[in-house]
1. Which one is surrounded by the fewest Cβ atoms within 10 Å (Cβ to Cβ) among residues in segment 31-52 that are of a type in the set (Val, Ile, Thr) and in a helix (DSSP H, G or I)?
2. Which one of Ala233, Ala255 is of a type outside the set (Val, Ile, Thr) and crowded, with 18+ Cβ neighbours inside 10 Å?
3. Does segment 209-226 hold any residues that are assigned to a loop (DSSP other than H, G, I, E, B) and over 20 Å from Glu140 (Cα atoms), and which are they?
4. Name the strands (runs of 3 or more DSSP E) wholly within segment 69-184 that hold at least 2 residues that are in contact with a Leu (Cβ under 8 Å, 6 or more places away or on another chain)?
5. Are there any pairs with C-beta distances below 9 angstrom linking a residue in segment 185-207 that is assigned by TED's automatic domain parsing to the domain that holds Asn161 and without any contact (Cβ under 8 Å) to a residue 60 or more places away in the chain to a residue that is of a type in the set (Gly, Ala, Ser) and part of a helix (DSSP H, G or I), with the two at least 6 apart or on different chains, and if so which?
6. Does at least one position in segment 237-244 carry a residue that is assigned to a helix (DSSP H, G or I) and without any contact (Cβ under 8 Å) to a residue 24 or more places away in the chain?
7. Is at least one residue of segment 14-26 modelled with pLDDT of 70 or more and assigned to a helix (DSSP H, G or I)?
Amino acid sequence: MIYKLLFFTLLFLNISFVQAQIQDYPNRIGKIIAPYAPGGTVDTLAREIAQAFSISLGKSFIVENKPGAGGNVGLAAIAKAPKDGYTLGIGAANMLITNRFVYQSLPFDTLKDFIPIAFIGRVPFVLVINRNVKAENIKELITLIKLKQDLFNYGSSGIGNTGHLYGELLKSKAGIDMQHIPFKSSGEAIQEVVSGRIQIQFGTPIELMPHITKGTIKALAVAGPQKLNYLPAVPTMSESGYTGFDSPTWFGVIAPTGTPKEIISLLNLETKKALSTPSIKTRLDQAGVETQYMTTDQFASFMQDEISRWENIVRSSDLKIN
């Protein structure tokens, strides 16, 4: 009887403590981990969400960049963080979905170690080449690669990311061979394409558009379901004759599993508020992000669908990383 009374007393005290934490949230600085280097889409989204949370919730949220291993370094840090709502992260399609099929082992389990808080939006990739490559469309590029296979490399922001997967998918679809050169960030890869040391890259608009506008790189196709209004002359991959590139990469806010549901619900609504703020929406539009709100349950269901879809694509490409 005494032990039972002690058990329920401790249980009540623990529940009361948790409730007090939730009611007082946030009462100190929080952080949002961006699993990629500064300057890219993940970093941009992390800073927009962090600023929005800071203003709306009255406590600062800072961004901590933890790049490496296709986002796995940052995700591992999020998974191991205290489950109190003060460590959040920006997850992307490759980190949360395709890496589980690409890497032989991971320091976390996507479905067990993370709670999807809120979907942010989708971003199409664009296939670009160095301006001196003698091709004006994908057909000409493929012909050129087949003639000079040993001369063509493609870059990405790391092994296993979406740009890498699209490069491997193009190799498979077109029957060509290219050497993949991974970098620590997409920005580094782009500079190599600009210089001509790397000839090809699949990248995001926020990183590519300044160089496309300057004419230092050429855009050949959009890896998405439709043309982009800021690149009206550039066809989609499907229009160019290559299917399987119609799904833009996507991003969302996540937290380590065990974070209180009340905090998750609050942050979901705060993300919804941020995405509907005109100034933020304008900046994300300019970054090529097609924003979309989802509830936590909708986001979780969406991830399950993505796992089913990408598993077939990745395994058919036979891409594995030790």
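1. Looking at the filtered set, the residue picked out is Thr44.
2. Criteria check complete, one pass: Ala255.
3. If the condition is that a residue be assigned to a loop (DSSP other than H, G, I, E, B) and over 20 Å from Glu140 (Cα atoms), then Gly224, Pro225, Gln226 are the ones that fit.
4. Answer list for segment 69-184: 87-92, 114-123, 125-130.
5. From residues that are assigned by TED's automatic domain parsing to the domain that holds Asn161 and without any contact (Cβ under 8 Å) to a residue 60 or more places away in the chain, the pairs are Ala189/Gly163.
6. no
7. Scanning segment 14-26, I find at least one residue that is modelled with pLDDT of 70 or more and assigned to a helix (DSSP H, G or I), so the answer is yes.
The values are calculated or read from the model by the stated rules, or taken from the named source; none is laboratory data. On a predicted model such as this, the values are computed, not experimentally measured, just so you know. Glycine also receives a Cβ, built like all others from the backbone with ideal geometry; neighbour counts cover every protein chain displayed.
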